[in-house]
Ligand code: RIB
Ligand code: CA
């Protein structure tokens with residue numbers, strides 16, 4: 001599977017990227033970065049550090065620093081830490097960012113491999129909307145857009161209505177949902193069904209060399225945030241998005257059109273709708289199998 005991860009690393013983003021690196025069936029074409037958990041500059045620096053950790057020359061192309069139309073947000077440093085990797089200090093990556101912008105990299109990659117590239121946006125989906133503006137053929141050429149975002153029947157996690165990635169750029173998600181591209185939405189309806197606990201991170205640390213202790217280290221701050229909101233574990237949001245791209249049989253979905261509230265008290269709410277192309281919305285999953293698979297897979301990254 002040719003894959004591009006669009007990301008705002010971010011602790012669970014880091015888990016997802018190291019998970020992807022452990023899968024021999026995934027050809028990671030590149031990472032594209034976006035604001036959200038951190039500033040886009042921090043996201044790019046953290047993504048470059050993660051590429052150092054996986055030890056491959058994966059290009060990192062910087063993208064949007066703010067939403068499509070909304071004013072800029074303060075990053076979610078209270079969730080992912082001041083530098084986006086828990087309490088870790090700012091990493092000093094060895095590599096430099098890719099010359100193209102995120103949208104340019106996305107458009108060129110998808111045009112060069114029509115029908116083959118899966119894109120997993122696991123931050124605000126601004127770069128994908130930008131790519132659709134840049135290349136009208138993007139929606140037709142991309143193999144699938146498997147997006148971490150939204151909450152259809154589940155409550156939101158930033159407001160009672162809105163999930164964070166969608167809240168941070170509702171206009172961008174609405175463009176993608178209206179585009180006719182093959183979209184699968186991995187929202188809070190499924191991602192909060194698998195929580196990773198401190199013990200799980202101990203397991204990862206024990207079985208994964210330097211990257212295992214890194215994941216354990218960056219999880220502390222993130223787990224403390226979840227504890228502060230009454231959860232004894234952190235949602236498997238971003239890694240589950242990649243698992244959904246690779247193993248759709250572990251999920252049950254509904255095909256329906258969706259809209260996003262782009263203003264008003266429920267801004268960022270994703271709703272079933274008519275009159276636009278249908279997408280796949282994941283509503284349930286085999287949580288035990290997903291967690292077991294993830295823990296086994298992510299302990300393989302050396
Ligand atoms: O709501 C969870 C999503 O918001 C995840 O992608 C997390 O990394 C944050 O970006
Ligand atoms: Ca993310």
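Run residue 118 past the list (1) over 28 Å from residue 55 (Cα atoms); (2) in contact with a helix residue (DSSP H, G or I) (Cβ under 8 Å, 6 or more places away or on another chain) and report the number of the one that doesn't hold.
Result: residue 118 fails condition (1) only.
Suppose the filter is surrounded by 23 or more Cβ atoms within 10 Å (Cβ to Cβ), closer than 30 Å to residue 263 by Cα and more than 16 Å from ligand 1 (Cβ to nearest atom); does residue 69 pass it? Walk me through it before giving the result.
Details: surrounded by 23 or more Cβ atoms within 10 Å (Cβ to Cβ): no; closer than 30 Å to residue 263 by Cα: yes; more than 16 Å from ligand 1 (Cβ to nearest atom): yes.
No: the conditions fail for residue 69.
What is the one condition in (1) within 16 Å of ligand 2 (Cβ to nearest atom); (2) surrounded by fewer than 18 Cβ atoms within 10 Å (Cβ to Cβ) that residue 80 does not satisfy?
Looking at each condition in turn, residue 80 falls short on (2).
Going through 31, 3, 18 one at a time, which residue ends up being crowded, with 22+ Cβ neighbours inside 10 Å, within 14 Å of ligand 2 (Cβ to nearest atom) and within 25 Å of residue 169 (Cα to Cα)? Give the steps one after another, and end with the answer.
Values: 3 fails: within 14 Å of ligand 2 (Cβ to nearest atom); 18 fails: within 25 Å of residue 169 (Cα to Cα).
Answer to the selection: 31.
Restricting to region 249-302, count the residues that are touching a helix residue (DSSP H, G or I) at 6+ places or on another chain (Cβ under 7 Å), assigned to a strand (DSSP E or B) and buried (at least 19 other Cβ atoms within 10 Å of the Cβ).
The number of residues fulfilling the criteria is 7.
Can residue 44 be described as crowded, with 24+ Cβ neighbours inside 10 Å, away from ligand 1 (no atom under 12 Å from the Cβ) and either at pLDDT below 95 or closer than 18 Å to residue 128 by Cα (or both)?
Values: crowded, with 24+ Cβ neighbours inside 10 Å: yes; away from ligand 1 (no atom under 12 Å from the Cβ): yes; either at pLDDT below 95 or closer than 18 Å to residue 128 by Cα (or both): yes.
Taking the combined requirement at face value, the residue satisfies it.
The values are calculated or read from the model by the stated rules, or taken from the named source; none is laboratory data. Just so you know, these numbers come straight off a predicted model, no measurement behind them. Note: ideal-geometry Cβ built from the backbone for every residue, glycine included; neighbour counts use all protein chains shown.
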